[in-house]
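Data first, discussion second: the structure below is written as structure tokens.
The values are calculated or read from the model by the stated rules, or taken from the named source; none is laboratory data. Quick caveat, the model's predicted, so the values are computed rather than measured. Note: ideal-geometry Cβ built from the backbone for every residue, glycine included; neighbour counts use all protein chains shown. Only protein heavy atoms, including side chains, enter the accessible area calculation; ligands, DNA and RNA are left aside. Shrake-Rupley method; radii C 1.70, N 1.55, O 1.52, S 1.80 Å.
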Amino acid sequence: MSNDKLTIKNFRVRAVNVPMKRPLATASGSIGFVPLVLLDIETDQGITGRSYVFTLTPMALKPTAQLVQEMLAVVKGDSVSPYNMEQKLQKRFRLLGLQGLVYVALSTIDMAAWDALAQAQGVPLVKLLGGEIRPELWPCLWKTDGCQEGQGFARSVAETHVTWLMDTST
């Protein structure tokens, strides 16, 4: 399926604050919740592009979700073309400024658009973007010293439900 045939039919934006089973220790304190904006862009062709963004703080969660919602209303009915969508949205929001939460919202939409295109072409997103799948590096995602086992890779995957990291089927 070619990209010019994908048309944005609908979208779902959700703001969630997900508790972590293993809080992340950082220099500025412990992070026990992950504030995420989840996005689904549905197309007339039945393909759903998905993305999410970590807003760093719960204070930015609702404003980011609202920006994504408003921006998607501008491109609803358009073809799924990341470049054209970005240009249209940048033009619309230039006066507000294209940094901070505005750029985070633009990026969330961009990621979902690319995901839809990868699905339409039947390839993993990493390959559509010119990369390669490297399963031998998965344990290094939570690397400590020398990448022997990382920080309990299997346990981290099980506890965070990021099994998509290991999905090479698409």
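Taking packing as the residue-averaged number of other Cβ atoms within 10 angstrom, the listed peptides 126-133, 113-120 run from highest to lowest as 113-120, 126-133. Per residue, the solvent-accessible area of the stretch 1-58 (1.4 Å probe, heavy atoms of protein chains only, all protein chains present) comes to 60 Å². Only protein atoms count toward the accessible area here, which uses a 1.4 Å probe; on the stretch 1-117, the carbon and sulfur part of that area reaches 57 percent. In summary, the lysines within cross-link reach of K91, defined as a Cα separation below 29 angstrom excluding same-chain residues under 8 places away, comprise K5, K9, K62, K76.
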